[in-house]
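Working notes, structure below.
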Amino acid sequence: MGEERWERAIEAKLRMSERSKEEKKSEGKESMKITKIKVYVNGDGKVVLKPSNKRLSTELSRLDESVYDVSSNEWRISVKDYMAVKGGLRRNGLVFDDIPKGTLRIAKKETDSQEFELLGDIYGMLLPFQREGVQYALRQGGRIIVADDMGLGKTIQALAVSYYYRSEWPLLIIAPASLLEDWADACRRFLGEDAVVMRRKEDFGQVVGIVSYEMASSNGSVLLGSKAGVVIADECHYLKSMNTKRTKAIVPLLQRASRALLLSGTPAVSRPLELYPIISSIDRTIFPRFAEYGARYCNGRKVGQWYDYKGCSNAEELHYILKKCLMIRRTKDEVLSQLPPKFRRQVVLQCKGKQRDPAKELVGENVDTNVVAQYREAVKLKIDQVKQYISTIVEKDMKFIIFCHHVEMMDGLEEFLREKGVSIIRIDGSTPSSNRHMLVKSFQENEEIKTALLSITACSTGLTLTAGRAVVFAELYWNPGVLLQAEDRIHRIGQKNSVDIIYLVARGTIDEYVWPKLLSKLNVLESLGIGSNQLKNVGATSQLGNLWQFNIKKCN
């Protein structure tokens, strides 16, 4: 009897032992369960890991400087600690997209606070914030994107940095054709240099040369041979498309130069994809392959046989990279508290006719054709109402600017204004660049000229029209960056009066479709820290059908 009890006890212990082994095995499998987490560098240069779980907590709680945020359920650690623990995290079944090596290198880089001695007349012309911009550029070795708001003096800052490196000249300035004479004037005024506007190959090889993007893209190899040590690229968003002839010719010029200064109030006009050529021009070693950049920051994904890089991902990390050592950006609100205010209004026009549903028309294989057709149809529907509104401004006897997108609208408004006896200037894509400077000067200085009739695409950048008191957009344009640049032709240094910005939008036209798209693109730029959605309080709505809940809205 005793032996039987003893045998049963032994069997029970064996069964318990086997069960314990199975339980441990099961727990082991559970502990190695694959778990996806998100890892990125935040705006403070810390690595964020989320959402937290038991395995992540076990690994990171051992670190001396790790911080756990209960509200967001995330851990924050230093880049150094991340490099030390990321292998262990993966061995414990945690899956995550690694932070690019170039990003980690920037995050580990110590912030430079060196102050450079600035000797020369040009430095005495700088405002305090412009002087700090020059110092920042010098700390980055003269390779930087100057992305200050339109009207804050990017030109004088770029020339001040260039002057510091004058022993490394020739200086090459690349700019839109319409701005060549403005740059020549700036060189004379700020540097005391007679810069040569290079319009033929025979003009190349100057100590200070100014060339258009078109001329530079057609003569890239010749300019490479000129060995310009300092290169300025004004309105560098002209380089936003990687595969264009222009970008392929000019980016190597910037990469080869000892100093490269890229200027734009909107370096990316709608998405992170457009920043890659610009970043590569400053430092090609950060993201040597576009595939890595596209996957990380453009929400790269395979669609059929192709990859789509039109999205936005890890915006906070990209913003940090730009701010840390690639770009300086100040807004007017930050540095020019004395600049008069800018008021925006959206005026809804009640047209007699109505277009077909834009949302239905702008799909399918013929999108581009339909867009053109919709815009032209909108011109016919709204032009009489636009004229009626313009009449109210003419009666105020003040200088103002009208921006149009299509020649039909410009022709109609020019005829209307001249019939009313209004003295105007007109600048569009057909206006020779040599005439633009004279026309702008006449608007600025001649009291008899009341109106500047301008093409949005031809005149949104580079022109200073501070004599104006108001800007009227007779038509919308797809690109929000272009609209904001156009606004700031009058709202910049030199403006002494408050200014009105008026968007004329017509009910029942393509305007109903375009406005929400503009807001969406501006939201992306705001997340990257290279713009702000300044239009979101001007009749903003994401619901197409509810755009017209009011007629006029005003905001600061």
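Values in this text are rule-based calculations from the coordinates and carry no lab data. Small disclaimer: the values here were computed from a predicted structure and weren't measured. No Cβ is skipped: glycine too gets one built from the backbone with ideal geometry, and neighbour counts run over all protein chains shown.
Observations on the structure shown:
- For the stretch 35-97: rounded, prolate or oblate by the Cα gyration tensor [a/c cutoff 1.5]: rounded
- In straight-distance terms, cross-link reach from Lys310 covers every one of the aspartates and glutamates whose alpha-carbon lies under 13 Å from its own, apart from those fewer than eight places away in the same chain; here that gives Glu274.
- Label-to-label distance, nm, for residues given as Asp333 and Thr457 (7 Å Cα→Cβ offset): 3.2
- A straight chain from Asp384 to Lys248 at 0.36 nm per residue would run longer than the Cα-Cα distance by 44.5 nm.
- For the stretch 115-128, 3J(HN,Hα) per residue [Karplus equation, 6.51 cos²θ - 1.76 cosθ + 1.60, θ = phi - 60°, Hz, x = Gly/Pro]: 10, 9, 7, 10, 10, x, 4, 4, 6, x, 8, 7, 6, x
- Once the Cα-Cα distance is subtracted from the 0.36 nm per residue extended length, the Arg256 to Glu168 segment shows a gain of 30.4 nm.
- With neighbour counts taken as other beta-carbon atoms within 10 Å, the residues Glu132, Glu445 rank, fewest first, as Glu445, Glu132.
- The residue list Tyr238, Val222, Val211 was ranked by how far each Cα lies along the charge dipole of the stretch 173-240 toward its positive end, using unit charges on Cβ atoms, and Val222 comes out on top.
- Note on Glu65 and Glu214: the extension gain reaches 48.3 nm, defined as 0.36 nm multiplied by sequence separation minus the Cα-Cα distance.
- FRET E, pair Thr392, Phe116, Förster distance 51 Å, beta-carbon r, rounded to 0.05: 0.45
- Ascending count of other beta-carbon atoms within 10 Å, so fewest first, for Arg296, Arg189, Arg289: Arg289, Arg189, Arg296
- Shape category assigned to the stretch 140-254 from the gyration tensor of Cα positions, a/c cut at 1.5: rounded
- Phi angles across the stretch 235-246 convert, under the Karplus curve 6.51 cos²θ - 1.76 cosθ + 1.60 with θ = phi - 60°, into 3J(HN,Hα) values of 6, 5, 5, 4, 9, 6, 9, 5, 9, 7, 4, 4 Hz, Gly and Pro given as x.
- Label point distance in nm, Asp185-Thr58, each placed 7 Å from Cα along Cα→Cβ: 7.1
- As a proxy for reagent exposure, ranking Phe204, Phe287, Phe443, Phe116 by other Cβ atoms within 10 Å from fewest up yields Phe116, Phe204, Phe287, Phe443.
- Ratio Rg/Rh, restricted to the stretch 121-334 and using Cα atoms, in which Rh is the Kirkwood radius: 0.97
- Out-of-range pairs (alpha-carbon distance over 22 Å; input Lys80/Lys324; Lys154/Lys201; Lys248/Lys521; Lys154/Lys240; Lys382/Lys496): Lys154/Lys201; Lys248/Lys521; Lys382/Lys496
- Each Lys and Arg contributes +1 and each Asp and Glu -1, all at the Cβ; summed about the Cα centre of the stretch 130-276, the dipole is approximately 520 debye.
- Site pair Glu202 and Lys38 shows an inter-label distance of 6.1 nm when each label is modelled 7 Å from Cα along Cα→Cβ.
- Distances between placed amide hydrogens fall under 5 Å for Lys399 paired with Arg469, all partners being 5 or more residues away or on another chain.
- Residues of the stretch 209-250 with amide N under 12 Å of the 7 Å Cα→Cβ point at Ser433: 210-218, 234
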